[in-house]
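A short write-up of the structure that comes next.
The values are calculated or read from the model by the stated rules, or taken from the named source; none is laboratory data. Because the structure is a prediction, the values reported are computed rather than measured. All Cβ positions, glycine included, derive from the backbone under ideal geometry; neighbour counts span all protein chains shown. Ligands, DNA and RNA are stripped out before the accessible areas are found, and what is left, the full protein with its side chains, is counted by its heavy atoms. Shrake-Rupley method; radii C 1.70, N 1.55, O 1.52, S 1.80 Å.
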Amino acid sequence: MKVLSHFKPNFQHFIQELPADKEQENKRRQVFEACFSFVQPKKTTSPSLISFMPQVASLLGISEEEMCSDSMRDILTGNMVLEQSQPYSMCYGGHQFGNWAGQLGDGRAINLFDLQHENKQWTLQLKGAGETPYSRGADGLAVLRSSIREYLCSEAMYHLGVPTTRALSLSLTGDQVIRDMLYDGNPALEKGAIVCRVAPSFLRFGNFEIFAARKDYVQLKKLLDYTIRHHFPTLEQAGLEGESLYLSFFKAVCQRTLDMIVHWQRVGFVHGVMNTDNMSILGLTIDYGPYGWLEDYNIDWTPNTTDAGNKRYRFGYQPSIALWNLVRLANAIYPLFNSADGLEVVLSTFQDQYKGRYYNMMFEKIGLIDTREDIDIIVKLEKYLMAHETDMTIFFRQLAQIKKNMKPQECFDIVRFAFYEASLLSEATKSAWLSWFEKYVSALAKESSSDTQRAKSMNRVNPKYVLRNYMNQLAIDKADQGDYSLIKAFEKMLQNPYEEQDEFQQWYAKRPDWARHKVGCSMLSCSS
Ligand code: AMP
Ligand code: MG
């Protein structure tokens, strides 16, 4: 069987239209005047496919039979390079935790090739396939635990309706990788793994920042023109050019970023490392590292232990960080403008726009039409959810069962299941909830939609199943023993996060007590 018969080298516009690193040797270095370096993935000892996502395969026009072939296994682990394809790693910089970090780049990501299918173009990228010129002090590899986390979460996010890169496959390399998981002087050997991820483009804010930092405005312009031409074609088609074209591009990136963040806040996702090198220019959730899901609703929570001191990337701060990152992007492309005025205007509207979109979304979550009259209901809701440990996913999902004619106590009993240690709920918090439900039910009574209609639309924005932190860890622990059954089960469950699924009812549950302070559940590091 000829694998990937629809692969055509002439689709590779990133490497055809943008400047390549002139040096060919795969050694760590600063790469100038180039968007990427050609690099070969590392051969691995005994590669094996753990799992793949049939939906992503069909998006790419790859059949299940092809996916299960030995050749595909070798392609997806970097052991076979398609004839005429030219794998490469991208050069980018970034602001990490608020500081300019200089050149970063794809230290362990290698873009294999692009595929066109049904008029869409996709780049296939291996994460963990070996060293590149951008590997700096690290090994270019990825371990099984982090690869499972990326593989499951990117697809979970997609099915939740959150813009994201996709995951095609999860494989073992057959090699061991050494990691000091908590940076506490206890390195250990772990199984090496590779995820093949897929997106229309993996360009980040940092790809633009690196040229601006080096005052290389020639390449900056080339990259910006390329990005607009291929990824924002409607802007050019609208007849825009020059500075107004660039400004519309920036506006579009702001919109997409804002849209992504509103979704994160809706489902309770905390990215954990919102450095500018982890911000996709297409507004996709990218680079699943020490991310986490809010279990109890706590806007100050971050899963990332590396960020425990400042909690820069905590849940409630994600919108502000998105804006901070957009300011960095604006600074990066500013040299191509005569005046900063337009960029400043766009940035100045971000916060108000976000607030508008956020309240819209919150009203949808509680099933009320957003008239802003009832804004106090949202403000109090956020406050009471923080007053006692309350499971975010369960609370909002249960809320759909409330009916217009219910008494506050009945409503309370419906959401009671969302409270951790419900018996310890203080009298003050309980009575706050009762008065909240009284107001909520009277607001519901004013709506024209029926209880059933409302429940249906609420259940479309409030997922029943998310990839809880401890679920990930359970899947990882089993997979470490060679048992992939939980990975398969979660793959299936997370494809329909808004549906009732009897077979998965056990995962509609609060975090168990053992997971409260367990490494991998509530604490994660960047060491992956
Ligand atoms: P991250 O915080 O995972 O997005 O990574 C930040 C930077 O470190 C990026 O340039 C990555 O490519 C690089 N990096 C992370 N892990 C590794 C690794 N194991 N080997 C090489 N580079 C890495
Ligand atoms: Mg990254």
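Summary of values
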read-out	value
Complete set of residues in region 447-480 that are hydroxyl-bearing (Ser, Thr, Tyr) and over 16 Å from residue 524 (Cα atoms)	448, 449, 450, 452, 457, 465
Residue that is outside any strand (DSSP E or B), more than 22 Å from residue 26 (Cβ to Cβ) and within 13 Å of ligand 1 (Cβ to nearest atom), where the choices are 135, 146	146
Candidates 248, 171, filtered to the one that is open to solvent by less than 20 Å² (accessible area, probe 1.4 Å) and not acidic (Asp, Glu)	171
Considering residues of region 108-130 that are in a loop (DSSP other than H, G, I, E, B) and within 19 Å of the chain's Cα centre (by Cα) only, the residue nearest to ligand 1 (Cβ to nearest atom)	108
Filter result for residue 362 (farther than 25 Å from residue 146 by Cβ, within 21 Å of the chain's Cα centre (by Cα), more than 16 Å from ligand 1 (Cβ to nearest atom) and open to solvent by less than 10 Å² (accessible area, probe 1.4 Å))	yes
Residue check for residue 280: within 16 Å of ligand 2 (Cβ to nearest atom) and under 22 Å from residue 164 (Cβ atoms)	yes
Identity of the residue in region 76-97, open to solvent by 20 Å² or more (accessible area, probe 1.4 Å) and within 14 Å of ligand 1 (Cβ to nearest atom), that ends up farthest from residue 30 (Cα to Cα)	97
The lone exception for residue 60 - which of (1) closer than 18 Å to residue 111 by Cα; (2) open to solvent by 10 Å² or more (accessible area, probe 1.4 Å) it fails	(2)
Enumerated helices (runs of 4 or more DSSP H) restricted to region 425-528, each holding at least 1 residues that are over 29 Å from residue 380 (Cα atoms)	469-480, 485-493
Residue within region 43-50 that is assigned to a helix (DSSP H, G or I) and buried (at least 22 other Cβ atoms within 10 Å of the Cβ) present	no
Complete set of residues in region 274-296 that are among the hydroxyl-bearing types (Ser, Thr, Tyr) and either within 23 Å of residue 388 (Cβ to Cβ) or not in a loop (DSSP other than H, G, I, E, B) (or both)	276, 280, 285
Checklist (1) open to solvent by 10 Å² or more (accessible area, probe 1.4 Å); (2) touching a Phe, Trp or Tyr at 6+ places or on another chain (Cβ under 9 Å); (3) within 16 Å of ligand 2 (Cβ to nearest atom) applied to residue 166, failing item	(3)
Matching option when the condition is among the hydroxyl-bearing types (Ser, Thr, Tyr), open to solvent by 30 Å² or more (accessible area, probe 1.4 Å) and over 13 Å from the mean Cα position of the chain (by Cα), among 306, 302, 276	306
Residue check, residue 475 small (Gly, Ala, Ser), within 19 Å of residue 53 (Cβ to Cβ) and touching a residue at least 40 places away in the same chain (Cβ under 8 Å)	yes
Matching residues in region 328-359 - criterion: being open to solvent by 40 Å² or more (accessible area, probe 1.4 Å) and aromatic (Phe, Trp, Tyr)	334, 359
Extreme residue, farthest from ligand 2 (Cβ to nearest atom), among residues of region 152-162 that are open to solvent by less than 30 Å² (accessible area, probe 1.4 Å) and either within 30 Å of residue 29 (Cα to Cα) or of a type outside the set (Ser, Thr, Tyr) (or both)	160
Hits in region 374-387 (condition: surrounded by fewer than 19 Cβ atoms within 10 Å (Cβ to Cβ) and closer than 15 Å to residue 416 by Cβ)	384, 387
Qualifying residues in region 98-107 (those that are within 11 Å of ligand 1 (Cβ to nearest atom) and under 13 Å from residue 206 (Cα atoms)) - the one most open to solvent (accessible area, probe 1.4 Å)	101
Inter-residue pairs, beta-carbon under 7 Å, first touching a residue at least 60 places away in the same chain (Cβ under 8 Å) and in region 494-517, second among the hydrophobic types (A, V, I, L, M, F, W, C) and assigned to a loop (DSSP other than H, G, I, E, B), 6+ apart	494/467; 497/466
Search result, residues across region 110-140 that are of a type in the set (A, V, I, L, M, F, W, C), within 16 Å of ligand 2 (Cβ to nearest atom) and open to solvent by less than 30 Å² (accessible area, probe 1.4 Å)	110, 126, 129
Unique match (being within 16 Å of ligand 1 (Cβ to nearest atom) and surrounded by fewer than 19 Cβ atoms within 10 Å (Cβ to Cβ)) among 187, 200	187
Lone unmet requirement of (1) out of contact with any Gly (no Cβ under 9 Å at 6 or more places or on another chain); (2) in a helix (DSSP H, G or I); (3) among the small types (Gly, Ala, Ser) for residue 239	(2)
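Here is a yes/no grid of residues against (1) within 16 Å of ligand 1 (Cβ to nearest atom); (2) touching a Phe, Trp or Tyr at 6+ places or on another chain (Cβ under 8 Å); (3) closer than 20 Å to residue 521 by Cα; (4) among the charged types (D, E, K, R):
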position: 271; (1), (2), (3), (4): yes, yes, yes, no
position: 277; (1), (2), (3), (4): yes, yes, no, yes
position: 282; (1), (2), (3), (4): no, no, no, no
position: 288; (1), (2), (3), (4): yes, no, yes, no
position: 291; (1), (2), (3), (4): yes, yes, yes, no
position: 297; (1), (2), (3), (4): no, yes, yes, no
position: 328; (1), (2), (3), (4): yes, yes, no, yes
